[in-house]
Amino acid sequence: MHSDGQHSDGRVCQEGLVNQPLTREQRHTAKAQLVAAMNQGQPWQKAVASVGLPISRATAYRWQRRVQMEGETALEDQRHGHVYKLREPLRRWLVTYCQQAPHTPSHQLQRVLRDQFNVDLSIGYLNEVRAACGVRYIRPQQGKKP
């Protein structure tokens, strides 16, 4: 992730999101607001940040193009998969925690997240998030034996 909050693949770290999934209506409204902002000339990054959806540049432009071609119905969510498990500000907390304690293994982070935030994540997903945010586990250096 770059210092401006943007990942190398174009995703933007969002401010002000809580670790709760959006309802279908809230997500549809956010998509419509995003497309409207982009249609008014706002850069995609600002439009995404203003609605708080964790999406890439390609997705933002795809939604804009689909609305132009199909109308508002193009924004209806047809997904049946899992919601995002780790939203902001919890993701920011994780990054800060890992920057301050880079030698913390993911199984300990998993326990802290479960105990303090009632969020249950797999170690594999935690490792994926840590890698995406640039805060991988750093193995403590072993001192040389005499």
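The values are calculated or read from the model by the stated rules, or taken from the named source; none is laboratory data. Given the structure is predicted, the values throughout are model-derived calculations rather than measurements. FYI the Cβ positions are ideal-geometry reconstructions off the backbone, even for glycines, and counts take in every protein chain you see.
Residue-wise test of (1) free of Cβ contacts under 8 Å to residues at least 24 places away in the same chain; (2) loosely packed, with under 12 Cβ neighbours inside 10 Å.
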residue: Arg91; (1), (2): no, no
residue: Tyr97; (1), (2): yes, no
residue: Thr104; (1), (2): no, no
residue: Arg111; (1), (2): yes, yes
residue: Arg114; (1), (2): yes, no
residue: Asn118; (1), (2): yes, yes
residue: Ala132; (1), (2): no, no
residue: Val135; (1), (2): no, no
Does the stretch 94-111 hold any residues that are among the β-branched types (Val, Ile, Thr) and assigned to a loop (DSSP other than H, G, I, E, B), and which are they? Thr104
Restricted to the stretch 34-60, and to residues that are exposed (fewer than 15 other Cβ atoms within 10 Å of the Cβ) and either in contact with a Ser or Thr (Cβ under 7 Å, 6 or more places away or on another chain) or in contact (Cβ under 8 Å) with a residue 24 or more places away in the chain (or both), which residue is nearest to Arg91 (Cα to Cα)? Ala58
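Within 30 Å of Gln33 (Cβ to Cβ), among the charged types (D, E, K, R) and assigned to a helix (DSSP H, G or I): which single residue out of Arg114, Arg130, Arg87, Arg91 fits that description? Show your work before the answer.
Numbers: Arg114 fails: within 30 Å of Gln33 (Cβ to Cβ); Arg130 fails: within 30 Å of Gln33 (Cβ to Cβ); Arg87 fails: assigned to a helix (DSSP H, G or I).
Only one candidate passes the filter, namely Arg91.
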Residue under evaluation Trp63, criteria (1) among the aromatic types (Phe, Trp, Tyr); (2) surrounded by fewer than 16 Cβ atoms within 10 Å (Cβ to Cβ); (3) at pLDDT 90 or above, criterion not met: (2)
Only one of Gly41, Gly16, Gly81, Gly10 is outside the structural domain of Asp120 (by TED's automatic domain parsing), modelled with pLDDT of 65 or more and part of a loop (DSSP other than H, G, I, E, B), namely Gly41
